[in-house]
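Notes to accompany the following structure.
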Amino acid sequence: MRGKFISLEGGEGSGKTTAIHFIREWLDDQKIPYIMTREPGGTPLAEEIRQLILTPREEAVNDVTELLLVFAARAQHLAEKIQPELNKGVWVISDRFLDSSYVYQGKARGGDLAMLDQLANWVVGDNKPDATLVLDVPVEVGQERVVQRQHQDRLDKESLAFHQKVRDGFLERAKADPKRVKVVDASQSLESVKKQIEEQLAKLNKTWAGDC
Ligand SMILES: Nc1ncnc2c1ncn2[C@@H]1O[C@H](COP(=O)(O)OP(=O)(O)OP(=O)(O)O)[C@@H](O)[C@H]1O
Ligand SMILES: [Mg+2]
C-alpha cells in the first residue's frame, strides 16, 4: 500500500521542526515506516537550490526567480525522493511543501496566483500531501522564538507585516481546503501541541484506514 504524505506548514518559529519530533514519536509507536524531509531541499541538488534561495545577498532576488527556484527544487524532491518512498509504502513527512509557495511567493510577495496554479499543476499535479498540519502562532510569538536563534536567513529578516501576511495566508489555505489542511494552535505549551498533533494523526489514520 502507498505511504501517506504529510506536510508541516506555518511561519518562522511556529514550531514545525518541533512538531516533526512529535510526529516521529507517534509513527514509531504505530510502527509505521517513514522518512522525514524538508523544503526547499530534501535531495542533494534540491539542498543546493535551498542555499541559493535562503542565502542573504546584495543582489535583489526577483520574485519570479525565487518562485522558479522553489519549484525546481520541488520537482527534484518529488521525483527523486518523495514518490519513490511513497511507492514503497513509506510515509513521507515534509517540513514545508506546496502551501508555503502559495503563502510566501503568492500571498506575502503578491505573486501571480494563476502562474502558481500552473506551476503547481505541472510540477505537483495529483501528488499533493494527503494531510497538512499548519502550526499557527501570533506573529510576535513566532518572532520571539526565532530571535533567540543565532543564524537568521533571508526570510527571517522580513518585516512584521510580511510575517502577518504569512500567518493569514496559511489560515486561508486551511479554510479553503479543510479536509486536507488542519490547524494546530501552536501558541500553546509543547505538551498541548503534542496532544493536538497526536489527535489529528489518529483521526487521519482512522479515515485513511476506512478509505481502503
Ligand atoms: N509550543 C511551544 N512553546 C514554546 N516554545 C516552542 C514551542 N514550539 C516551539 N518552540 C521553540 O521555538 C523555537 C522555534 O521552534 P521550531 O524550530 O520548531 O520552529 P520552526 O517552525 O521549525 O521554525 P523555522 O521556520 O525557522 O524552521 C524552538 O526553540 C522551539 O524549541
Ligand atoms: Mg524549522
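General remarks:
- Taken over the stretch 41-72, residues that are hydrophobic (A, V, I, L, M, F, W, C) and over 19 Å from ARG109 (Cα atoms) amount to 3.
- Residue within the stretch 127-137 that is hydrophobic (A, V, I, L, M, F, W, C) and farther than 22 Å from LYS175 by Cβ present: no
- For the stretch 1-46, a residue qualifies if it is among the aliphatic types (A, V, I, L, M), under 30 Å from ASP211 (Cα atoms) and either open to solvent by less than 20 Å² (accessible area, probe 1.4 Å) or assigned to a helix (DSSP H, G or I) (or both), and the qualifying residues are ILE6, LEU8, ALA19, ILE20, ILE23, LEU27.
- Filtered residues of the stretch 165-193 (kept if in contact with an Asp or Glu (Cβ under 6 Å, 6 or more places away or on another chain), open to solvent by 30 Å² or more (accessible area, probe 1.4 Å) and in contact (Cβ under 8 Å) with a residue 60 or more places away in the chain): ARG173
- Test for LEU133: is it under 27 Å from LEU78 (Cβ atoms) and within 16 Å of ligand 2 (Cβ to nearest atom): yes
- Residue match in the stretch 6-14 (condition: modelled with pLDDT under 95, within 16 Å of ligand 2 (Cβ to nearest atom) and at positive phi): yes
- Those residues of the stretch 27-58 which are within 16 Å of ligand 1 (Cβ to nearest atom), among the hydrophobic types (A, V, I, L, M, F, W, C) and in contact with a helix residue (DSSP H, G or I) (Cβ under 7 Å, 6 or more places away or on another chain), in sequence order: MET36, ILE53
- Test: residue in the stretch 77-90 that is of a type in the set (Val, Ile, Thr) and within 16 Å of ligand 1 (Cβ to nearest atom): no
- Restricting the first member to the stretch 82-103 and to residues that are more than 14 Å from ARG50 (Cα to Cα), and the second to residues that are open to solvent by 30 Å² or more (accessible area, probe 1.4 Å) and within 16 Å of ligand 2 (Cβ to nearest atom), the beta-carbon pairs closer than 6 Å and six or more apart or on different chains are ILE93/MET36.
- Matching residues, the stretch 33-56, being in contact (Cβ under 8 Å) with a residue 60 or more places away in the chain and within 14 Å of ligand 2 (Cβ to nearest atom): GLU39, LEU54
- The lone exception for VAL147 - which of (1) within 14 Å of ligand 2 (Cβ to nearest atom); (2) modelled with pLDDT under 95 it fails: (1)
- Restricting attention to the stretch 8-42, the residues being within 13 Å of the chain's Cα centre (by Cα), among the basic types (Lys, Arg) and closer than 18 Å to LYS194 by Cα number 1.
- Pairs where the first residue, in the stretch 2-26, is in contact (Cβ under 8 Å) with a residue 24 or more places away in the chain and away from ligand 1 (no atom under 13 Å from the Cβ) and the second is open to solvent by 20 Å² or more (accessible area, probe 1.4 Å) and in a helix (DSSP H, G or I), C-beta under 6 Å, 6+ apart: TRP26/GLU198
- Counted residues, the stretch 109-148 - those being acidic (Asp, Glu), within 30 Å of ALA209 (Cβ to Cβ) and either away from ligand 1 (no atom under 16 Å from the Cβ) or without any contact (Cβ under 8 Å) to a residue 24 or more places away in the chain (or both): 2
- Elements of type helices (runs of 4 or more DSSP H) contained in the stretch 47-164, each with 2 or more residues being crowded, with 21+ Cβ neighbours inside 10 Å and under 15 Å from the mean Cα position of the chain (by Cα): 63-77
The values are calculated or read from the model by the stated rules, or taken from the named source; none is laboratory data. Quantities reported herein were computed from a predicted structural model and do not represent experimental measurements. Reconstructed Cβ throughout: ideal geometry from the backbone, glycine too, with neighbour counts over all protein chains shown. The accessibility values were calculated without ligands, DNA or RNA, using every heavy atom of the protein model including side chains. Shrake-Rupley method; radii C 1.70, N 1.55, O 1.52, S 1.80 Å.
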